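Notes to accompany the following structure.
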Amino acid sequence: MPQTEIQKESRSNVRTTPKEPVKHDVYVLNDDFTTFEFVIEVMMTVFGKTLQQAEEIAETTHCNQKAIVGRYPLDIARSKVAKATRMAREEGFPLKFEIK
């Protein structure tokens with residue numbers, strides 16, 4: 001078999017459609033110390049939420065003890081949670097998150 005035929009054959013076998021990464025839910029957890037305003041700020045600056053979305057998440061967290069913030073690939077979820085947690089600690093708040 002000529003070299004060009006082997007190359008054509010192997011190229012056709014290699015093509016695969018990349019899979020979308022598995023996404024994980026990120027939750028913000030309620031506590032009695034972190035202010036409503038700070039939660040809104042974190043939602044907007046770290047998670048890219050609009051003011052209305054951020055307010056809804058903060059209210060849901062307050063009422064239900066936790067709220068979903070979004071769905072992200074694991075590495076992005078971990079990065080956003082780390083940034084948000086760092087922001088909270090710098091301001092003296094115990095804000096916590098879960099990734100599921």
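The values are calculated or read from the model by the stated rules, or taken from the named source; none is laboratory data. On a predicted model such as this, the values are computed, not experimentally measured, just so you know. So basically every Cβ, Gly included, is an ideal-geometry build from the backbone, and we count neighbours across all protein chains shown. Heavy atoms of the whole protein, side chains included, go into the accessibility calculation; ligands, DNA and RNA do not. Shrake-Rupley method; radii C 1.70, N 1.55, O 1.52, S 1.80 Å.
Looking only at region 33-44, decide whether some residue is farther than 16 Å from Phe93 by Cα and free of Cβ contacts under 8 Å to residues at least 60 places away in the same chain. Write out each step before concluding.
Start the filter on region 33-44 by keeping residues that are farther than 16 Å from Phe93 by Cα, which leaves 44.
Now drop any that are not free of Cβ contacts under 8 Å to residues at least 60 places away in the same chain, which leaves 44.
Among the residues of region 33-44, at least one is farther than 16 Å from Phe93 by Cα and free of Cβ contacts under 8 Å to residues at least 60 places away in the same chain, which makes the answer yes.
Just name the residue that is farthest from Val26 (Cα to Cα) out of those in region 69-100 that are open to solvent by 80 Å² or more (accessible area, probe 1.4 Å) and in a strand (DSSP E or B).
Of region 69-100, the ones open to solvent by 80 Å² or more (accessible area, probe 1.4 Å) are 71, 75, 78, 83, 86, 89-91, 96, 100.
Retained after the next criterion (residues that are in a strand (DSSP E or B)): 71, 96.
Values: Arg71: 6, Lys96: 11 Å.
Only one residue fits best here, namely Lys96.
Report whether or not Lys8 is farther than 15 Å from Phe97 by Cβ, open to solvent by 80 Å² or more (accessible area, probe 1.4 Å), at pLDDT below 95 and not in a loop (DSSP other than H, G, I, E, B).
Values: farther than 15 Å from Phe97 by Cβ: yes; open to solvent by 80 Å² or more (accessible area, probe 1.4 Å): yes; at pLDDT below 95: yes; not in a loop (DSSP other than H, G, I, E, B): yes.
Yes: the conditions hold for Lys8.
Within region 37-60, does at least one residue satisfy the condition of being of a type outside the set (Val, Ile, Thr), loosely packed, with under 10 Cβ neighbours inside 10 Å and modelled with pLDDT under 95?
no
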